[in-house]
1. Just want the answer: with Cβ charges of +1 for Lys and Arg and -1 for Asp and Glu, which residue in A132, L210, M88 is farthest toward the dipole's positive end in the chain?
2. How many Å³ per residue does the convex hull of the Cα positions in region 94-210 occupy?
3. A186 to T99: extension gain in nm, 0.36 nm per residue of separation minus the Cα-Cα distance?
4. Based on Cβ point charges of +1 for Lys and Arg and -1 for Asp and Glu, what charge dipole magnitude is obtained for region 55-210 about its Cα centre, in debye rounded to the nearest 20?
5. Using a Cα-Cα cut-off of under 13 Å, which aspartates and glutamates could be cross-linked to K65, ignoring same-chain neighbours fewer than 8 residues away?
6. Name the residue farthest towards the positive end of the dipole of the chain from the options L199, A31, A147, assuming +1 on Cβ of Lys and Arg, -1 on Cβ of Asp and Glu, about the Cα centre.
7. When averaged across all projection directions, what area in nm² does the alpha-carbon convex hull of region 35-125 cover?
8. Which whole DSSP H helices in the chain pass both tests: a Cα extent of 20 Å or more along the axis and a mean Kyte-Doolittle value no lower than 0.0?
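All of the numbers you see were taken from the coordinates with simple rules; none came from a lab. Keep in mind that this is a model prediction, so the values were computed, not measured. Here the Cβ positions follow ideal geometry from the backbone for every residue, glycine too, while neighbour counts run over all protein chains shown.
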Amino acid sequence: MIAYEDILTWIRTFAETVAAERTYLTELDSAIGDADHGINMDRGMHAVVGKLDGIATPDIGSCLKTAGSTLVSTVGGASGPLYGMFFMGMGGTAVGKETLTLQEFATAFAAGIGGVERIGKAQPGDKTMLEALLPARDALQAAAEQAVAVGPALQLAATAAEAGMLETVPLVARKGRASYLGERSAGHQDPGATSSFYLVRSAATAWSGL
């Protein structure tokens with residue numbers, strides 16, 4: 001089972017990872033975007049951790065929704081709404097729950113991605129964060145169906161997300177700021193897919209013992 005405290009540990013681990021990789025994420029974004037992805041995500045996740053420290057009730061849905069709304073209000077550009085909708089979409093499936101099974105987490109994860117798809121209007125192959133999130137979603141669902149333990153399941157998801165992230169390098173961007181570059185966007189790793197890989201890897205790291 002994934003407990004409320006495990007969700008908090010995941011989010012804190014992601015915040016720490018974003019802080020550590022802030023410069024790298026910004027460098028990736030400088031090649032095909034606004035050169036602010038690392039800066040914005042670091043600011044947003046720092047604010048999220050501060051907000052979550054003040055929640056008294058161990059409600060996973062409330063926790064995830066708070067993370068999402070905080071990102072929307074503190075992160076500029078596309079990252080705030082996209083990551084915000086991801087967490088809020090996840091939270092909508094977990095209201096009132098203090099624990100989640102792997103299947104429930106996989107369902108929540110898929111709901112979060114659905115939110116990203118609705119507001120981002122992106123498709124697979126558009127060179128966006130979905131290139132990492134969609135393979136992770138599929139790996140999680142497959143692991144849940146096969147009754148894989150939580151830790152190994154998240155490691156499978158992280159491996160799938162990393163492969164999807166690396167596959168963004170040759171793609172030509174069709175959404176977002178990078179799409180303005182056309183063919184020149186090829187040859188660069190997508191920063192959103194990179195931070196999305198960090199998101200999944202953070203869960204694998206935080207839940208390695210589950």
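1. M88
2. Details: hull volume 10.8 nm³, N = 117.
In region 94-210, the Cα convex hull volume per residue is 92 Å³.
3. Working: separation 87, 0.36 × 87 = 31.32 nm, distance 4.20 nm.
Gain on extension, A186 to T99, equals 27.1 nm.
4. Working: 11 positive and 12 negative charges, 90 e Å.
For region 55-210, the charge dipole is close to 440 debye.
5. K65 reaches no qualifying aspartates and glutamates.
6. A31
7. Working: hull surface 25.2 nm².
The directionally averaged projection comes out at 6.3 nm².
8. Both cut-offs are met by 4-20, 60-74, 102-120, 130-145, 150-166, 191-206.
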